[in-house]
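The values are calculated or read from the model by the stated rules, or taken from the named source; none is laboratory data. Just so it is clear, the structure is predicted and the values come from calculations on it, not from any experiment. Positions of Cβ are generated from backbone atoms using ideal geometry, with glycine treated the same way; all protein chains shown enter the neighbour counts.
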């Protein structure tokens, strides 16, 4: 009997070790997927303006938020023949990839809203497809790496990219907010797909968010806030009855002093389309920069603004 008990004990230990090894292997297999993203400071908003507006936009954007521009180059950044000026506007509150195409813009470029740096482009494409995205532009080389354009449920286009030489950028002072508008029929599908890809989390899901946030003061709508390695995202689930300029902005920038920032924007040639308003603990406004780019700008609401 003692021998049988010893044998059973050995078998049980072997079983537990096998289970533990399988769990470790499963976690190891899962780990690389969680590292697809690099960091919010490597994500950019793609801004397309006419060539004659490039310098005016860059000057206004940097005067508003601070920071600097990389050297402007002329390059082909699409898989088919084209020519554009290209530069990064790097500010403490967000980065813009600025394009001024000298040729007609090849389809579907211009519809992608953001560029996300990934650790492995092939793996990111496979992950995105498995998570419900379509690859609308297959991977292609660019002057400094490789790119692809994917589309999430709800028609949200996003570029993912990889650099041949690993970049190193300072973290943002405040993380910008990717603002995504989708229909009620696709809100859940988009959220599930992006969460799987980003390994992010839902911070809040407000079924009756204040309609003032989308220009409809008497209504409510559904607002989903997500955080991940790629940064912040707010999903606006609406019926599409949106007064201008809501839905045109793709990024929200958080600043310490909203009124001061708006003053800098106006002094540098930008236009305030929506004057500051308060919703909850946030004071927000809408700004249009030279060349047509619309941005949301927000700050923590102070007591005076809330009155």
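Some points to look at:
- Any hit, region 31-39, residues being more than 19 Å from residue 170 (Cα to Cα) and modelled with pLDDT of 95 or more: no
- A single entry from 303, 298 fulfils the requirement of being modelled with pLDDT of 95 or more and either within 23 Å of the chain's Cα centre (by Cα) or more than 16 Å from residue 93 (Cα to Cα) (or both): 298.
- Hey, residue 202 modelled with pLDDT of 95 or more, exposed (fewer than 15 other Cβ atoms within 10 Å of the Cβ) and under 18 Å from residue 37 (Cα atoms) or not: yes
- Extreme residue, surrounded by the most Cβ atoms within 10 Å (Cβ to Cβ), among residues of region 37-49 that are out of contact with any helix residue (DSSP H, G or I) (no Cβ under 8 Å at 6 or more places or on another chain) and more than 22 Å from residue 109 (Cβ to Cβ): 40
- Yes/no for residue 132 being in contact (Cβ under 8 Å) with a residue 12 or more places away in the chain, in the same structural domain as residue 93 (by TED's automatic domain parsing) and in a loop (DSSP other than H, G, I, E, B): yes
- Number of positions in region 242-256 that are assigned to a loop (DSSP other than H, G, I, E, B) and in contact with a helix residue (DSSP H, G or I) (Cβ under 9 Å, 6 or more places away or on another chain): 5
- Single residue of region 206-228 satisfying the filter (touching a residue at least 60 places away in the same chain (Cβ under 8 Å) and assigned to a helix (DSSP H, G or I)) that is surrounded by the fewest Cβ atoms within 10 Å (Cβ to Cβ): 212
- In region 65-76, the residue that is farthest from the chain's Cα centre (by Cα) out of those that are assigned to a loop (DSSP other than H, G, I, E, B) and touching a residue at least 24 places away in the same chain (Cβ under 8 Å) is 76.
- Restricting attention to region 77-112 and to residues that are more than 23 Å from the chain's Cα centre (by Cα) and closer than 18 Å to residue 146 by Cα, the residue that is surrounded by the most Cβ atoms within 10 Å (Cβ to Cβ) turns out to be 82.
- Subset of region 225-254 (residues that are more than 17 Å from the chain's Cα centre (by Cα) and under 11 Å from residue 295 (Cβ atoms)): 245
- Failed item, numbered, when residue 52 is tested on (1) part of a helix (DSSP H, G or I); (2) at pLDDT 95 or above; (3) surrounded by 12 or more Cβ atoms within 10 Å (Cβ to Cβ): (3)
- The residues on offer are 137, 156, 118, 182, and the sole one that is touching a helix residue (DSSP H, G or I) at 6+ places or on another chain (Cβ under 7 Å) and more than 23 Å from residue 295 (Cα to Cα) is 118.
- Filtering 274, 287 for residues that are assigned to a strand (DSSP E or B), touching a residue at least 12 places away in the same chain (Cβ under 8 Å) and either crowded, with 21+ Cβ neighbours inside 10 Å or under 19 Å from the mean Cα position of the chain (by Cα) (or both) leaves a single hit, 287.
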